[in-house]
Amino acid sequence: MEQPVEATRAVLHVLPLVLDLGGTFVFAISGAVVAVRHRLDVFGVLVLAFAAGNAGGITRDLLIGAVPPAAIADLKYVGVSALAGLLTFFWYPVTNRLRRDVLWLDAVELAFFAVAGAQKALLHGIDPVMAALLGMLTGIGGGMLRDVLVSGIPSVLRADLYALAALAGAGVVVSAHLLHLSPMAAALAGGGVCFALRFMAIRHGWHLPTARPPEAAAADAPQRRHHDEEN
C-alpha cells in the first residue's frame, strides 16, 4: 500500500514543475515575439521573455506563501526563459511563423499554466475555490504584464474567452481533486477543457459581451432605425 501512496506523492510534486516549466517556455516565446515586433534589443527581449513566462507563477507563489517564488529560487525557470528569448531573437521568422500559423499554441500555453497553478495551490493546502482562481491568475498573469510593458491593453481584457478558459480548466483540476482522482487525470482533463475552450474561441470568434459606452449606442441608433424601416 505504501508504494502507490509514495508514487502519487511523487507525481503531485513533479507534475506541477513539469507543467510550470512547459508553460514558462511557451509563454516566454510569446513575450520574446512581442519584444522583437517592438524592436527591442536582446536585453529587452530577454526581460520580456522572463516577464511573460514567470509573472503569473511569481504572483501565485507569493499569494500562497511559497517564498521565495520558484521562478527566482530555481535557475531552471531563468534558463528556460532565456532559452526561449534567445531562440526567438536569433530565429524570429521561425518562432513568429509558429505563433501565427498554429492556432493551438496560445491555447496550449494557457492550459499548461492554468493546470499547474491550480495543482500547486492545492498542494499548499489552499481552499479549492481560491485554488481555481489562482490557476486562472497563473495563466493570465504573464500575458498581462507582457502587454503592459509594451504599452498595450492586456489581451486578457479583450481576447475571446481567455481568462474564462483558464478558470474552467483550473476548476476541472480542483473538481477532480475533490473527487480524489489521480493528479495526472486531473491535469489531462483540466488542460483539455482549457485548450478546447480557447481553441474554439479563436476558431469561431466566441467572446463575452463587451461594454458599450452611451455615445457608441447613440451613434448606432440611426443605423438600427434605418434597418428596422427596411424590414
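Between Val42 and Ile153, what is the FRET efficiency for a Förster distance of 22 Å, r being their Cβ-Cβ separation, to the nearest 0.05? If you can, show how the numbers build up before the last one.
On the way: r = 26 Å, r/R0 = 1.20.
The formula returns an efficiency of 0.25 here.
On each of the three principal axes of the Cα atoms of the range 19-92, give max minus min coordinate, whole Å, ordered largest first.
Each principal axis gives a Cα extent; for the range 19-92 these are 37, 18, 17 Å.
Over the alpha-carbon set of the range 120-169, work out the extent along each principal axis and list the three values in angstrom, largest first.
37, 20, 10
Between Arg203 and Trp91, what is the label-point separation in nm under the 7 Å Cα-to-beta-carbon projection?
Going by the 7 Å Cα→Cβ label model, 2.8 nm.
Throughout, read-outs are computed from the coordinates displayed, never taken from laboratory work. Note that the coordinates shown come from a computational prediction; the quantities given were computed from them, not determined experimentally. Ideal geometry is used to build each Cβ from the backbone, glycine not excepted, and the neighbour counts take in all protein chains shown.
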